[in-house]
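For reference, the structure discussed in these notes is given below.
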Amino acid sequence: MSSPLIQVTDLHKFFPLASQGIFSRVKGDNKAVNGLSFTINEGETLGLVGESGCGKSTVGRTILKLYEPTSGSITFEGEDITKYSNSKMKPLRTKMQMIFQDPYSSLNPRHTIGSIIAASYEIQDITPDGGVKKAVQELMERVGLNPEHYNRYPHEFSGGQRQRIGIARALAMKPKFIVCDEPVSALDVSIQAQVINLLADLRDDFGLSYLFIAHDLSVVQHISDRVAVMYLGKIVELAPVESLYKEPHHPYTKALLSAVPLPDPVLEEKREQIVLTGDLPNPANPPSGCVFNTRCWKAKEACFTTEPTLLQVGSSQVACHFPE
Amino acid sequence: MFAYISRRLAVSLLILLTVSFAVYVIFAFLPFDPAALTCGKNCNDPGIIEANRRRLGYDLPFFTQYFLFLKGLFFGRTFGEGAALINCPAPSLGYSFQQHACVTNLIGEALPVTFSLAIGAIVMWLALGIGLGILAARFRGRIVDQLSTIFVLIGTSLPTFLTGLLLMVFVVIRWHLIPFPSGNYTPFIENPFEWAQILFLPWLTLAFAYAALYTRFVRSSVIDTSNEDYIRTARAKGLSESVILGKHTLRAALAPIATMAGLDFAGLLGGAILTESVFNLPGLGRLAISAVVKYDLPIIVATTLLAAFIVVIMNLIVDILYAYIDPRVRVA
Amino acid sequence: MTLLKVENLCVDFPTPDGLVAAVHDTSFEISPGETLAIVGESGSGKTVTNLALMGLIPLRTANVTGSAKFESHDGPVDLLAMNRNDLRKYRGRDMAMIFQDPMSSLHPFYTIGDQIIEAHQIHNKVDIKVSRDRAIELLEMVGIQGAATRIKSFPHQFSGGMRQRVMIAMALVNNPALLIADEPTTALDVTVQAQIMKLLSDLQKELKMAMILITHDMGVVAGAADRVNVMYAGRIVESANVRDLYANPLMPYTQGLLASVPRMDRPHTERLSAIPGQPPSMIALPTGCSFNPRCGRKSEVGASKCESQMPDLTTRGNQHFARCFIGEGA
Ligand SMILES: Nc1ncnc2c1ncn2[C@@H]1O[C@H](COP(=O)(O)OP(=O)(O)OP(=O)(O)O)[C@@H](O)[C@H]1O
Ligand SMILES: Nc1ncnc2c1ncn2[C@@H]1O[C@H](COP(=O)(O)OP(=O)(O)OP(=O)(O)O)[C@@H](O)[C@H]1O
Ligand code: SF4
Ligand code: SF4
Ligand SMILES: [Mg+2]
Ligand SMILES: [Mg+2]
């Protein structure tokens with residue numbers, strides 16, 4: 001296998017906490033992303049799961065250099081883009097796209113969807129064969145929108161359709177890599193399936209790679225090749241999808257999976273559930289040692305003193321002193 | 001809470017110091033000679049000018065001047081020398097040669113007038129604006145609401161001086177609803193009745209425009225708040241509509257009014273120039289205007305500083321008040 | 001015995017664009033201690049149904065008709081026939097409601113203690129100390145540690161999960177016979193969702209309380225419900241006991257819904273079977289069966305029938321009802 005499409009090494013992204021007035025001390029940083037390493041290969045989908053506020057979106061945005069990384073490195077197609085300025089990023093931006101959670105606020109309400117999608121061509125400064133309009137309409141058709149709706153405005157579309165518009169806009173850039181940040185969370189169940197299928201088809205047709213961020217573990221399982229589980233700015237487990245869901249090694253992964261209710265009353269009755277106590281600790285002040293030690297039922301002495309690193313366990317990488 | 005207040009106090013002091021310095025710098029580098037202005041616009045007797053320059057300390061280096069000014073604020077200051085020695089006790093804001101008076105005394109006379117004007121007006125417009133705003137929100141779309149809309153329209157479009165003149169012409173002269181505000185401003189302690197009688201129209205004039213703004217603001221704030229989820233929660237508990245409005249909706253809806261009112265009040269204290277002119281009230285606004293017309297520099301500097309001071313202090317009060325109302329702001 | 005029997009509930013909102021029939025001719029019942037789940041897409045009328053029962057839809061904006069017979073502390077009453085002021089007595093006492101967003105459902109300016117105490121005081125003529133003790137007792141019951149001191153906290157000092165616990169404590173303060181939970185875990189993380197659902201089911205058993213659980217998560221339904229009403233475009237399209245519904249869904253929309261959920265307990269298959277198309281606009285509902293533009297089984301009964309007539313909700317035996325021409329009268 002050649003070098004991975006995306007390689008992230010020891011990535012950190014800290015947000016300084018807002019200070020309250022001139023005379024208060026700055027109380028350190030919000031360690032939203034705190035030392036992540038992973039790769040994404042061509043045509044591969046890496047799922048990223050974890051609780052709200054654990055830093056998933058920040059990872060996605062930092063890889064695309066929408067946020068300046070605090071430290072660490074990011075390479076895209078073997079090119080180290082960590083220190084790239086905005087102007088140097090520009091030619092790469094078309095190859096790396098993002099699809100957002102909220103299909104309502106990410107489209108400009110005053111532009112027709114035709115012009116929203118066409119803007120992607122303008123940015124690249126290219127005129128596709130047969131003209132922009134034809135290309136846009138082909139794309140609309142591809143993502144399941146009626147090409148005759150070229151001149152309509154976003155508010156005339158439902159949530160699922162708007163998400164398709166966002167996908168078409170990203171596709172017009174001919175990207176190689178797309179960060180999908182909770183692309184289906186705001187949609188109804190029956191519409192979610194449509195969009196997931198579309199994303200999977202497009203990946204296979206165009207050889208796209210995804211970083212697929214979601215908090216719904218079933219959705220992530222369905223679309224991903226490998227899955228990374230995040231907790232408090234760190235990856236605690238990274239594994240091929242089958243082994244992660246069948247044999248979770250990290251206690252947090254195990255608890256997370258056991259908390260997902262199954263759409264089957266018979267199985268639900270038998271489901272053994274690990275109910276975690278407490279909430280996510282404050283990311284500005286993560287626990288020392290293992291970040292999960294405040295909620296872990298297996299925590300021992302070592303968990304409070306030494307931080308576990310990602311180690312190979314079977315086909316998985318796990319950051320735990322006492323993996324399952 | 002205590003830490004919060006002391007931190008805010010420290011910041012306010014710093015701001016005041018900065019503002020005073022900025023004001024001083026601006027006026028020090030204006031392209032006219034402050035000493036030449038001391039004896040009026042058309043005076044060009046170099047003898048007097050040079051004498052005044054020395055008396056007022058305009059011959060000293062800039063920083064010394066600023067330092068003397070600050071010192072005067074706390075310890076008083078003397079101007080001139082020998083027989084012509086003038087003493088302005090602390091807090092001294094300078095000396096006006098045009099008026100032959102310590103600026104502090106001039107302000108001391110004008111401030112109560114402006115304060116009386118502002119306090120009466122704010123009471124009126126808060127009562128009117130909040131009351132009408134709540135009614136309009138409560139009976140949305142009904143007749144009260146429509147009347148309030150008309151009121152808002154008129155109030156926000158009529159300029160203050162016009163309102164004042166119209167009130168004067170119709171309420172007093174035509175309809176004799178209130179006797180003509182005869183005589184000059186009377187301090188409250190001398191004769192409260194006369195005080196109120198003379199100020200009534202100016203109050204009404206000022207309150208009119210503000211009340212319209214506040215009606216609009218309160219109405220939309222109450223409506224927005226009553227759509228909040230926590231109001232639905234209150235209703236689901238079984239509370240009556242009047243309790244929901246009085247205890248749950250208003251508390252949240254009126255919190256921003258505290259900020260608004262505080263800043264508007266500060267603005268008025270800085271001088272309600274138009275109203276004071278229309279009604280011939282010897283307040284701060286008039287003092288400042290006449291000083292500008294006559295290039296009476298010490299007074300201009302002092303009134304500018306005073307206005308800044310009032311805004312900063314009111315801001316502080318408003319923030320503390322707000323922290324008291326809204327627990328989310330209370331950072332320990 | 002039935003606790004609540006809703007018959008022919010209709011809620012219409014007159015809007016400038018036309019009449020929105022948010023809830024149409026809905027009938028269902030719930031027994032003490034039972035959990036009834038209401039599922040359906042966004043806008044299908046789940047929330048409006050329950051707001052109507054609580055009397056929380058402003059009368060100015062809507063026409064509410066039908067009846068809702070309810071066994072209250074003071075004997076049987078009709079929630080929909082009563083005037084709003086009389087209904088107030090039952091709200092928060094005989095029936096309580098918790099909402100989707102725990103972040104915005106608590107008043108930001110009052111301590112959580114004050115808010116729970118208030119809920120107790122309205123319905124009980126007791127000393128405030130009694131109410132305070134009751135508040136502490138409930139906060140302990142919903143698992144908030146150090147309740148005696150935490151009652152002085154403000155909502156913003158709590159996390160989302162804890163606020164939802166506070167909402168639950170507040171709802172249960174008067175021992176209601178019926179709890180309506182409108183997407184109580186949608187805004188929460190899975191691990192917190194698991195905590196809250198467990199708490200609700202434990203409390204429900206302990207207090208023998210009936211619950212209407214509104215959700216769109218088919219997993220949550222499977223774990224918590226006894227019966228399920230599936231709503232589509234303002235109507236109940238299927239109603240059954242939970243096991244029946246999952247084992248043998250009869251209405252094509254329910255079938256599609258269950259098939260379109262990705263499932264962790266199965267190998268991740270290549271494609272989800274999605275329901276095509278979009279949910280209908282509530283202002284311009286299709287003629288005939290509301291689901292017909294998206295239905296793949298029309299041909300079994302003849303498309304023209306589905307496109308011209310609205311099927312009734314008919315019994316299929318074993319307390320299973322469906323609104324579809326397929327299998328009708330079989
Ligand atoms: N632009 C920003 N400035 C400051 N802090 C931020 C910013 N963006 C995110 N954060 C903080 O960084 C942390 C991680 O946020 P992030 O949005 O990445 O979480 P997430 O895992 O995507 O959560 P969710 O599932 O809720 O979307 C949070 O504590 C958040 O408050
Ligand atoms: N005040 C109102 N005026 C007009 N239409 C309304 C009003 N309230 C609700 N509706 C409409 O009634 C329909 C049903 O809404 P409801 O809130 O019950 O949906 P829901 O099933 O709870 O959806 P969700 O899952 O999004 O909460 C929707 O089409 C909605 O637009
Ligand atoms: S390292 Fe210790 S605390 Fe952390 S997950 Fe493993 S057992 Fe739990
Ligand atoms: S009645 Fe016809 S359109 Fe409606 S669900 Fe049944 S088969 Fe489909
Ligand atoms: Mg996010
Ligand atoms: Mg709802």
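The values are calculated or read from the model by the stated rules, or taken from the named source; none is laboratory data. Because the structure is a prediction, the values reported are computed rather than measured. No Cβ is skipped: glycine too gets one built from the backbone with ideal geometry, and neighbour counts run over all protein chains shown. Side chains are part of the model used for accessible areas, which takes the heavy atoms of the whole protein and leaves out ligands, DNA and RNA. Shrake-Rupley method; radii C 1.70, N 1.55, O 1.52, S 1.80 Å.
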- prompt: (1) exposed (fewer than 13 other Cβ atoms within 10 Å of the Cβ); (2) farther than 26 Å from C:Arg60 by Cα; (3) modelled with pLDDT under 90: which one isn't true of B:Leu158, the others all being true?
  reply: (1)
- prompt: Which strands (runs of 3 or more DSSP E) sit wholly inside the range C:56-132 and have at least 1 residues that are closer than 26 Å to C:Leu4 by Cα, more than 19 Å from the chain's Cα centre (by Cα) and within 16 Å of ligand 2 (Cβ to nearest atom)?
  reply: C:63-72
- line: Checked the range A:241-257 for anything hydroxyl-bearing (Ser, Thr, Tyr) and at the interface with chain C (Cβ under 8 Å from one of its Cβ atoms); matches are A:Tyr245
task: For the range C:256-272, name all the residues that are within 7 Å of chain A (Cβ to nearest Cβ) and among the hydroxyl-bearing types (Ser, Thr, Tyr).
output: C:Ser260
task: Just give me the residues in the range A:32-60 being more than 9 Å from ligand 5 (Cβ to nearest atom) and under 9 Å from the mean Cα position of the chain (by Cα), in sequence order.
output: A:Leu46, A:Gly47, A:Leu48, A:Val49, A:Val59
field: Given (1) within 9 Å of another protein chain (Cβ to nearest Cβ); (2) crowded, with 24+ Cβ neighbours inside 10 Å, number of the condition C:Leu139 does not satisfy
entry: (1)
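A quick yes/no check of all residues on (1) more than 14 Å from chain C (Cβ to nearest Cβ); (2) within 16 Å of ligand 3 (Cβ to nearest atom); (3) at positive phi:
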| residue | (1), (2), (3) |
| --- | --- |
| A:Met98 | yes, no, no |
| A:Asp125 | yes, no, yes |
| A:Asp129 | yes, no, no |
| A:Ser158 | no, no, no |
| A:Ala168 | yes, no, no |
| A:Val189 | no, no, no |
- prompt: Taking the range C:142-152 on its own, how many of its residues are open to solvent by 60 Å² or more (accessible area, probe 1.4 Å) and assigned to a helix (DSSP H, G or I)?
  reply: 2
task: Taking the options C:Phe154, C:Phe158, name whichever one is closer than 15 Å to A:Asp279 by Cα and within 13 Å of chain B (Cβ to nearest Cβ).
output: C:Phe158
- line: Output for Cβ contacts, cut-off 7 Å, separation at least six or different chains, first residue away from chain B (no Cβ under 11 Å) and part of a loop (DSSP other than H, G, I, E, B) in the range C:169-186, second aliphatic (A, V, I, L, M) and within 16 Å of ligand 2 (Cβ to nearest atom), reads C:Glu183/C:Ile214; C:Pro184/C:Ile98; C:Thr185/C:Val220
Residue that is farthest from ligand 3 (Cβ to nearest atom), among those in the range C:190-231 that are within 13 Å of chain A (Cβ to nearest Cβ) and in a strand (DSSP E or B): C:Met231
message: Looking at the range A:286-296, can you tell me whether even one residue there is within 13 Å of chain C (Cβ to nearest Cβ), under 24 Å from A:Arg61 (Cβ atoms) and open to solvent by 30 Å² or more (accessible area, probe 1.4 Å)?
response: no
- prompt: Does A:Ser52 satisfy the condition of being away from ligand 4 (no atom under 16 Å from the Cβ) and more than 14 Å from chain C (Cβ to nearest Cβ)?
  reply: no
message: Looking for something more than 17 Å from A:Pro175 (Cβ to Cβ), open to solvent by 10 Å² or more (accessible area, probe 1.4 Å) and modelled with pLDDT of 90 or more - is there at least one such residue anywhere in the range A:112-126?
response: yes
task: Kindly provide the set of residues from the range A:264-275 that are assigned to a loop (DSSP other than H, G, I, E, B) and within 10 Å of another protein chain (Cβ to nearest Cβ), ordered by number.
output: A:Asp264, A:Arg271, A:Gln273, A:Ile274, A:Val275
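Conditions tested, residue by residue: (1) more than 13 Å from the chain's Cα centre (by Cα); (2) within 16 Å of ligand 1 (Cβ to nearest atom); (3) farther than 21 Å from C:Leu313 by Cα.
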site: C:Pro14; (1), (2), (3): yes, no, yes
site: C:Asp17; (1), (2), (3): yes, no, yes
site: C:Asp25; (1), (2), (3): yes, no, no
site: C:Phe28; (1), (2), (3): no, no, no
site: C:Ser31; (1), (2), (3): yes, no, no
site: C:Ser44; (1), (2), (3): no, no, no
site: C:Val48; (1), (2), (3): no, no, no
query: Conditions: (1) more than 21 Å from C:Leu207 (Cβ to Cβ); (2) of a type outside the set (S, T, N, Q); (3) away from ligand 6 (no atom under 16 Å from the Cβ); (4) under 18 Å from the mean Cα position of the chain (by Cα). C:Phe154 meets all but one. Number of the miss?
result: (4)
Filter result for C:Ile180 (open to solvent by 10 Å² or more (accessible area, probe 1.4 Å), of a type in the set (Val, Ile, Thr) and at pLDDT 90 or above): no
field: Every residue from the range A:279-324 that is assigned to a loop (DSSP other than H, G, I, E, B), among the hydrophobic types (A, V, I, L, M, F, W, C) and within 11 Å of ligand 3 (Cβ to nearest atom)
entry: A:Cys290, A:Val291, A:Phe292, A:Cys296, A:Trp297, A:Ala299, A:Ala319, A:Cys320, A:Phe322
message: List the residue pairs whose Cβ atoms are under 6 Å apart, where the first residue sits in the range C:91-120 and is of a type in the set (Ser, Thr, Tyr), the second is within 16 Å of ligand 2 (Cβ to nearest atom), and the two are 6 or more positions apart or on different chains.
response: C:Ser104/B:Asp229; C:Ser105/B:Asp229; C:Ser105/C:Phe99
Count of the range A:230-263 residues which are assigned to a helix (DSSP H, G or I) and either without any contact (Cβ under 8 Å) to a residue 12 or more places away in the chain or surrounded by fewer than 24 Cβ atoms within 10 Å (Cβ to Cβ) (or both): 10
